[in-house]
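Below is one structure; the comments refer to it alone.
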Amino acid sequence: MNIALIGGSGFVGSNLLPALTARGHHCIVLTRDPERCRHLRLVQGVQLRRANPYDAEDLQKALEGVDAVVNLVGILNERGRSGKGFHKAHVALTESLITASKGAGVKRILYVSALNADSQNPKASHYLRTKGEAEDLLRASGLQFTIVQPSVIFGVDDSFFNRFASLLRFVPLLPLACPGARMQPVWVGDVAEAIATALDSRSAIGQTYPLVGPKEASLLQLVRFTASAMGKKRLVIGLPDPISRLQGLVFDFVPGKPFSSDNYRSLQIDNVSAQNALPQLGIDPRPYNGLMRSHLGGCTHQSRLDALRRSPRRRY
């Protein structure tokens, strides 16, 4: 198949492309700036194609000759607090993609959503509500859709364990918001294999697949695991709920938004599922502790070696 990917240069996309090309598919990464994604040209069977995903007419031209589309676009934070950024990235883009796909004759769309996405929950975060709205659009589109709903995705280049590792490398004490939030981290390799398998399966059409790992843990346990894997003795203190909420409100105005009020609302809903589609798709879920302990420990060792190389040589 000729498979187009929107958001294909990101963390999941970079792992998905080899999984798809290994199955003999030709992949087209749609991007507004091909130069920023030129490293993907090194993957055999991958083509870069310029397109504005928010312009249905431009997107339709880019989808000519495509058999299926994978939408990987997702943001965890936005500028401001209104929800407009989430709506644009998740809902408006999906509307544009549906229109463009119909115009180009593309019948198959696979959407990477989020566990607990729900457009009808007024207490849910903008992130989860708009992901749910995008799902609703696809279900009503008349196209052959498949939706995957992963828990937090981990891997050597993730923005979850690695983000906390960056903090723990320099601070002796870490106050942690929403420490009791439950998660089932799922390996990016398993997510990529699930997407590739679903695209090859007619029975996956019309299905919604929750994707979770085999180990459930609280956010506090995951952050303490990160410190342990790095070989760092760090005091990680869970904040009570009122202070967690206040931290989110304050960090709404911090550049880069390391945490936000929308993140706080997302963490009020446990990111776990009793159902897991990975075994159904023939995949044995990989736990986070083995792979990430090796990676985080290796990073610490490598950082020490790099520091020694940068330091002036001692003279005796």
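The values are calculated or read from the model by the stated rules, or taken from the named source; none is laboratory data. All values reported here derive from a predicted model rather than from experimental measurement. Here Cβ is always computed from backbone atoms with ideal geometry, including for glycine, and neighbour counts include all displayed protein chains.
Would a scan of region 21-34 turn up a residue that is of a type in the set (Lys, Arg) and under 21 Å from the mean Cα position of the chain (by Cα)? Checked against the condition, which is being of a type in the set (Lys, Arg) and under 21 Å from the mean Cα position of the chain (by Cα), region 21-34 yields at least one hit. When the test is whether a residue is farther than 21 Å from PHE161 by Cβ, modelled with pLDDT of 95 or more and more than 22 Å from the chain's Cα centre (by Cα), LEU249 passes it.
Within region 270-287, which residues are farther than 25 Å from ASP118 by Cα and acidic (Asp, Glu)? ASP284 - this is the single residue of region 270-287 that is farther than 25 Å from ASP118 by Cα and acidic (Asp, Glu). Pairs under 6 Å by beta carbon, first residue at positive phi in region 245-262, partner not in a helix (DSSP H, G or I), six or more apart or different chains? So the pair list comes out as LYS257/ASN77.
If you go through region 49-61 and keep only what is under 21 Å from the mean Cα position of the chain (by Cα) and either crowded, with 20+ Cβ neighbours inside 10 Å or part of a helix (DSSP H, G or I) (or both), you end up with just PRO53. Contact map, region 162-181: first residue crowded, with 17+ Cβ neighbours inside 10 Å and of a type in the set (S, T, N, Q), second residue at pLDDT 95 or above and part of a helix (DSSP H, G or I), Cβ cut-off under 7 Å, separation 6 or more or different chains; the map is empty.
For region 232-279, a residue qualifies if it is over 20 Å from VAL148 (Cα atoms), in contact with a helix residue (DSSP H, G or I) (Cβ under 8 Å, 6 or more places away or on another chain) and among the polar types (S, T, N, Q), and the qualifying residues are SER244, GLN247, SER260, SER261, ASN263. Does ASP190 satisfy the condition of being buried (at least 19 other Cβ atoms within 10 Å of the Cβ) and either charged (D, E, K, R) or under 16 Å from the mean Cα position of the chain (by Cα) (or both)? Here the answer is yes, as ASP190 does meet what is asked. Between a first residue in region 194-215 that is touching a residue at least 24 places away in the same chain (Cβ under 8 Å) and surrounded by 24 or more Cβ atoms within 10 Å (Cβ to Cβ) and a second residue that is part of a loop (DSSP other than H, G, I, E, B) and among the charged types (D, E, K, R), which pairs have beta carbons less than 8 Å apart while being 6 or more apart in sequence or on different chains? Once the first residue is touching a residue at least 24 places away in the same chain (Cβ under 8 Å) and surrounded by 24 or more Cβ atoms within 10 Å (Cβ to Cβ) and sits in region 194-215, its partners that are part of a loop (DSSP other than H, G, I, E, B) and among the charged types (D, E, K, R) give GLY213/ARG286.
Residues that are more than 17 Å from SER141 (Cβ to Cβ) and assigned to a loop (DSSP other than H, G, I, E, B) within region 67-104 comprise LEU72, GLY74, ILE75, LEU76, ASN77, GLU78, ARG79, GLY80, ARG81, SER82, GLY83, listed in sequence order. As for region 112-135, it holds at least one residue that is within 21 Å of SER203 (Cα to Cα), of a type in the set (D, E, K, R) and crowded, with 16+ Cβ neighbours inside 10 Å.
All conditions in (1) in a helix (DSSP H, G or I); (2) at pLDDT 95 or above; (3) surrounded by fewer than 20 Cβ atoms within 10 Å (Cβ to Cβ); (4) not small (Gly, Ala, Ser) hold for GLU64, with the sole exception of (1).
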